[in-house]
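Take a look at the structure below.
The values are calculated or read from the model by the stated rules, or taken from the named source; none is laboratory data. These figures come from a predicted structure and were not determined experimentally. Just so you know, the surface numbers come from the protein's heavy atoms only, side chains and all, with ligands and any DNA or RNA stripped out. Shrake-Rupley method; radii C 1.70, N 1.55, O 1.52, S 1.80 Å.
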Amino acid sequence: MERSKRQFIKGCGALLAGASVYSVTRAPLAESPNEEGESPEIKYAMVHDENRCIGCEACVHACREVNHVPEGVTRLKIERTGPFGEYPHQSYHFSRLSCQHCEAAPCVKVCPTGAAYIDKQTGIVAVNADRCVGCQYCIAACPYQVRFINPESRTADKCDFCQQTQLKQGLQPACVEACPTQALTFGNLKDPESDLVKLLKQKPSYRAKVDLGTRPKLFHIQTIEGEIKL
């Protein structure tokens, strides 16, 4: 009986300690204005032009090399659907599947340690591996199913627009630089002169699962088959 009582008290102490860590670590990482009370001038986003994409997966390989992504997992996928039409006039559709960098990210809301957060300066949804405990709550919460547990670090992983690699060097994300057909455009949604904003104004685009209210920042320009033949 005495042993059970000690175990119960010990368990309550652990729960209280965990609650304290949660309250301390989570709040500072939420998206908020800077010290001057102003909203950040950068909100990074990406456009995938499905008309230009040829499904070569150069983006996938570049991402893996630059960000040291282990075999067996990936930060992005190119999904192929089709063929459409009749031989020999057949075609395929290619679509990018990766982190949507949601403005209202479910993964951030459920993370118990603050490891999943929205970067205050860029709007990038990122992961602090030092705080991740591998609970996989974020993986379960993500409606796009793009998160995974890195088999080497044992922590949550996903696309971060090469925040810790390319962007630190003033470069474009690896996938953008590697694309041979310029199907990917990366830039600042708050800059009206950016190539990204100009492209979104020129061509109709769509985003995945907007009905969920996540406000994703990965835009797609849908494949156009061309003239209708009767």
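From the protein chains alone at 1.4 Å, what is the descending order of accessible area for 108, 47, largest first? The partial results should precede the final answer.
Working: 108 25, 47 0 Å².
Sorted by accessible area, descending: 108, 47.
Would you mind classifying the range 143-195 by shape? Square roots of the alpha carbon gyration tensor eigenvalues, ordered a ≥ b ≥ c; an a/c under 1.5 is rounded, otherwise it is prolate if a/b is larger than b/c and oblate if not.
Values: a/c = 1.95, a/b = 1.85, b/c = 1.06.
Because a/c hits 1.5 or more and a/b exceeds b/c, the range 143-195 counts as prolate.
Under the Karplus relation 6.51 cos²θ - 1.76 cosθ + 1.60, θ = phi - 60°, what is the ordered set of whole-Hz ³J(HN,Hα) values for the range 129-140, x standing for Gly and Pro?
Per residue, the Karplus-derived 3J(HN,Hα) values read 4, 5, 9, 6, 10, x, 6, 6, 4, 5, 5, 5 Hz.
Which whole-angstrom value gives the distance between the alpha carbon centres of the range 78-95 and the range 110-144?
If you average the Cα positions of each part, the centres end up 35 Å apart.
For the range 40-79, just say rounded, prolate or oblate: build the C-alpha gyration tensor, square-root its eigenvalues into a ≥ b ≥ c, call rounded for a/c under 1.5, and beyond that prolate if a/b exceeds b/c, oblate if not.
It comes out oblate by the Cα gyration axes.
Note down the relative contact order for the range 98-137 as a percent, whole number, built from C-alpha pairs under 8 angstrom at least six residues apart. Walk me through the numbers before you get to the answer.
Working: 41 pairs, mean separation 14.5, N = 40.
That works out to 36 percent.
How large, in percent, is the carbon and sulfur part of the accessible surface of the range 103-219 at a probe radius of 1.4 Å?
Numbers: 2820 of 5860 Å².
In the range 103-219, the share of accessible area belonging to carbon and sulfur is 48 percent.
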